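Structure first, then comments.
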Amino acid sequence: MSRIFSGVQPTGDLHLGNYLGAIRNWVRLQDDYECLFCVVDMHAITNWQDPAELRANTREVAAAMMASGIDPKRNIIFNQSRVPAHAELAWILNCVARLGWLNRMTQFKEKAGKNRENASVGLFAYPVLMAADILLYKATHVPVGEDQKQHLELTRDIAQKFNNDFKKELFPVVEPLIFGAGTRVMSLRDGTNKMSKSDPSQQSRITMTDDADAIARKVRKAKTDPDVLPGSPTGFAGRPEAANLMGIYAALSDTDISQVCQDFGGQQFSAFKQSLADLAVAKLAPIQDEMRRLMDDPAYVEGVLADGAKKAQAMAAPILAEVRETVGFL
């Protein structure tokens, strides 16, 4: 069976974009792939994190995975820092990756902004750690959004260079799994920017812990334009907010965007927003109820993560040993 590795950062405010773009898709993959789903807490500390909040957020993300339908008995769910092999392989791959490759990574430029000189080395090099996450388990496929394709291409480049340098086909060339509707959910305040935890406005995103009233309020206040909803996707040109809200509806309802346009085209935003809010509440409420139940039992959640880490470590150990022998370590 093909093997998948995927992860999400525990940096708080897990939101609708994380669910529709990643976690929901993971649930659908678990029947067809051997899956490792990782809470990537080592990636999270590329920017400073409050230690207590980092631990709480790690438990919350794990709870969200399970509440969404990822079965810990059929998949490996763990947090990255429990498996030290990630860090060791990342260092080895740092010595394979080229500085020029990392300089081309657009996400670093976006995240560092004008303070590039003050960014951590970890933020600059984290795509290499991402490559190590994947290659440590010889994953064959990685589900990615459009914004992560460049990092996966870097992983492929690093794997191929390692194989060429040591004249050994040790790492597979990883293939992307790119999903359609819902993989890129945009801000409720600006349809040209991705929904993000880093946005200072809480109104820009629906979080997985928002109650029904908060969800409805955020949908009602979501930015729109003065025209009626388009009757086909061709009408989205120059209308990013309409495209985003109707795309969210399509993703939540598992409906083609053309069908959403057909159903709501010609309506005012106000009527559509009520339908969207009702749908979002109906879809998220059962997940949120289960998340709350799991968060009230932190010992269980931590037990799942610890058990998953043992399984991940057992899977990684022979692969890392092969890498160490190939490199020439005694």
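The values are calculated or read from the model by the stated rules, or taken from the named source; none is laboratory data. Being a predicted model, the structure only gives us computed values, none of them experimental. Please note: Cβ atoms are built from the backbone with ideal geometry, for glycine as well, and neighbour counts cover all protein chains shown.
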Residue under evaluation residue 248, criteria (1) of a type in the set (A, V, I, L, M, F, W, C); (2) buried (at least 21 other Cβ atoms within 10 Å of the Cβ); (3) over 21 Å from the mean Cα position of the chain (by Cα), criterion not met: (3)
Could you list, in sequence order, the residues of the range 142-186 that are modelled with pLDDT under 90 and among the charged types (D, E, K, R)? 146, 147, 149, 184
Can you find a residue in the range 59-79 that is of a type in the set (S, T, N, Q), without any contact (Cβ under 8 Å) to a residue 60 or more places away in the chain and in a helix (DSSP H, G or I)? no
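Picking from 139, 131, which residue would you name as being at pLDDT 95 or above and farther than 16 Å from residue 99 by Cβ?
On the way: 131 fails: farther than 16 Å from residue 99 by Cβ.
Selected residue: 139, the only one of 139, 131 that is at pLDDT 95 or above and farther than 16 Å from residue 99 by Cβ.
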When restricted to 258, 201, 232, the only residue farther than 20 Å from residue 22 by Cα, without any contact (Cβ under 8 Å) to a residue 60 or more places away in the chain and under 22 Å from the mean Cα position of the chain (by Cα) is 201
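Residues are listed down the side, and each one gets a yes or a no for (1) of a type in the set (A, V, I, L, M); (2) on the phi < 0 side of the Ramachandran plot; (3) modelled with pLDDT under 95:
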| residue | (1), (2), (3) |
| --- | --- |
| 233 | no, yes, yes |
| 254 | no, no, yes |
| 257 | yes, yes, yes |
| 294 | yes, yes, no |
| 297 | no, yes, no |
| 306 | yes, yes, no |
Scanning the range 46-58 residue by residue, those surrounded by fewer than 17 Cβ atoms within 10 Å (Cβ to Cβ), over 25 Å from residue 293 (Cα atoms) and touching a residue at least 12 places away in the same chain (Cβ under 8 Å) turn out to be 47
Of the residues 237, 222, which single one is within 15 Å of residue 273 (Cα to Cα), of a type outside the set (Lys, Arg) and without any contact (Cβ under 8 Å) to a residue 60 or more places away in the chain? 222
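Quick check, is residue 322 charged (D, E, K, R), within 22 Å of the chain's Cα centre (by Cα) and under 27 Å from residue 5 (Cα atoms)?
Judged against the criteria, residue 322 is not a match.
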Subset of the range 34-45 [more than 17 Å from residue 143 (Cβ to Cβ) and in contact (Cβ under 8 Å) with a residue 60 or more places away in the chain]: 42, 45
Single unsatisfied condition, residue 137 versus (1) without any contact (Cβ under 8 Å) to a residue 12 or more places away in the chain; (2) of a type outside the set (Gly, Ala, Ser); (3) not in a helix (DSSP H, G or I): (1)
Can you find even one residue in the range 86-93 that is modelled with pLDDT under 95 and part of a helix (DSSP H, G or I)? no
In the range 262-315, what residues are surrounded by 14 or more Cβ atoms within 10 Å (Cβ to Cβ) and small (Gly, Ala, Ser)? 265, 275, 277, 280, 308, 309, 312
Counting just the residues of the range 115-128 that are over 15 Å from the mean Cα position of the chain (by Cα), in contact (Cβ under 8 Å) with a residue 40 or more places away in the chain and assigned to a helix (DSSP H, G or I), which one comes out surrounded by the fewest Cβ atoms within 10 Å (Cβ to Cβ)? 122
Checked pairs for the range 143-168, first surrounded by 14 or more Cβ atoms within 10 Å (Cβ to Cβ) and part of a helix (DSSP H, G or I), second of a type in the set (S, T, N, Q) and at pLDDT 90 or above, C-beta under 6 Å and 6 or more apart or across chains, list as 166/326
Taking residue 156 and the conditions (1) outside the structural domain of residue 76 (by TED's automatic domain parsing); (2) out of contact with any helix residue (DSSP H, G or I) (no Cβ under 8 Å at 6 or more places or on another chain); (3) not polar (S, T, N, Q), which numbered condition does it fall short on, given that it satisfies the others? (1)
